[in-house]
């Protein structure tokens, strides 16, 4: 499967750590020309990967890194709209500014990444993979903005898939469960009892453990590759059984 990505131009957002970092690494290892984008510095500078600093909610920034990838490689084959932020409030306690920030990154970021990628794919095809969440498919307490934003990602994925299928453009999303990532570490650190919080997160996983960034990255690489050539508009659930349970 991975040999089919050799020489492909791939843009990955939210690539400084966690899932996005593993996607960038695996794409690089598969022979792709990778542009790894994030506001934060990468946890590690990957050889043969272009690390870029950008804000996915900024049209100028997104257009800029898409155009850079095309200008430097002559093509755009894959965009992984992975950047995202969380929120631990319900609809009553969520400040409007926090709601807007979650949607700016989680939804606007996917919209902009798709908007500026598609013109470069219209005449040659391409693949877009969005990172949604199991939270788009089930309700989770204290995750109002997050659940709503990831539900929007699933809906936009389906719309784009239908709109551009005739142009050879595929659009799918992955719906991870709780992943052992820097975001989860920050969530636990903000609680009175981080150990108990971690235990609670694990307890809601039928498989009895958190996922790893590498496991989610494998699904994203599959959706980005020709191995998934008959898939578009799909939401691939990789969640340890949360949605099924």
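Readers should treat all values here as calculations from the given coordinates under stated rules, not as data from a laboratory. Bear in mind that the values here come from a model prediction, so they are computed numbers and not experimental data. Cβ placement follows ideal geometry from the backbone for every residue including glycine, while neighbour counts extend to all protein chains displayed.
GNM remark for the chain: springs join alpha carbons under 10 Å apart, and the peak mean-square fluctuation among 111, 222, 230 falls on 230.
Overall size of the range 112-160 from C-alpha positions, given as principal axis extents largest first: 44, 15, 14 Å. Among 157, 73, 13, the largest mean-square fluctuation in a Gaussian network model of the chain, built with springs joining Cα atoms closer than 10 Å, belongs to 73.
If you sort the three axes of the alpha carbon gyration tensor as a ≥ b ≥ c, you get a/c of 1.5 or more for the range 33-74 and a/b no higher than b/c, which makes it oblate. Extension gain for the segment residue 243 to residue 142, taken as residue separation times 0.36 nm less the Cα-Cα distance, is 34.6 nm to one decimal. Placing pseudo-labels 7 Å out from each Cα toward the beta carbon at residue 3 and residue 214 gives an inter-label distance of 2.3 nm. Here r is the Cβ-Cβ distance between residue 204 and residue 92 and R0 is 22 Å; the resulting FRET efficiency, rounded to 0.05, is 0.45. Computed log10 I(q)/I(0) for the range 114-207 at 0.10, 0.18 Å⁻¹: -0.38, -0.85, from the Debye equation with unit scatterers placed on every C-alpha and solvent omitted. With N the number of residues in the range 2-56, Rg(Cα) / (2.2 N^0.38 Å) evaluates to 1.01.
Dividing the mean sequence gap of close Cα pairs (under 8 Å, 6+ apart) by how many residues the chain holds gives a relative contact order of 20 percent. Highest mobility in the GNM of the chain, judged by mean-square fluctuation with C-alpha springs under 10 Å and restricted to 93, 114, 178, is found for 93. Using all pairs of distinct alpha-carbon atoms, the Kirkwood hydrodynamic radius of the range 145-191 works out to 12.9 angstrom.
If the viscosity is 1.002 mPa s and the temperature 20 °C, what Stokes-Einstein diffusion coefficient in µm²/s follows for the range 47-180 when Rh is the Kirkwood radius over Cα pairs? So the translational diffusion coefficient is about 138 µm²/s.
Once both labels are positioned 7 Å from their Cα atoms along Cα-to-Cβ, the gap between residue 67 and residue 48 label points is 3.0 nm.
Each of 175, 80 was scored by other Cβ atoms within 10 Å of its Cβ. Arranged with the fewest first, they read 175, 80.
According to the square roots a ≥ b ≥ c of the eigenvalues of the Cα gyration tensor, what is the shape class of the range 23-106, taking rounded for a/c under 1.5, prolate for a/b larger than b/c otherwise, and oblate for the remainder? Prolate shape, in that a/c is at least 1.5 and a/b is the bigger ratio.
Here the sum of -39500 (n - 2.57) over DSSP H runs of 4 or more residues, divided by the residues of the chain, equals -12000 deg cm²/dmol at 222 nm, to the nearest 500.
Estimated translational diffusion coefficient (Stokes-Einstein, Kirkwood radius over Cα pairs, 10 °C, 1.306 mPa s) of the chain: 89 µm² per second.
Residues of the range 1-43 falling in the label zone of residue 75, defined by backbone nitrogen less than 12 Å from a point 7 Å along Cα to beta-carbon, are 4-10, 32-33.
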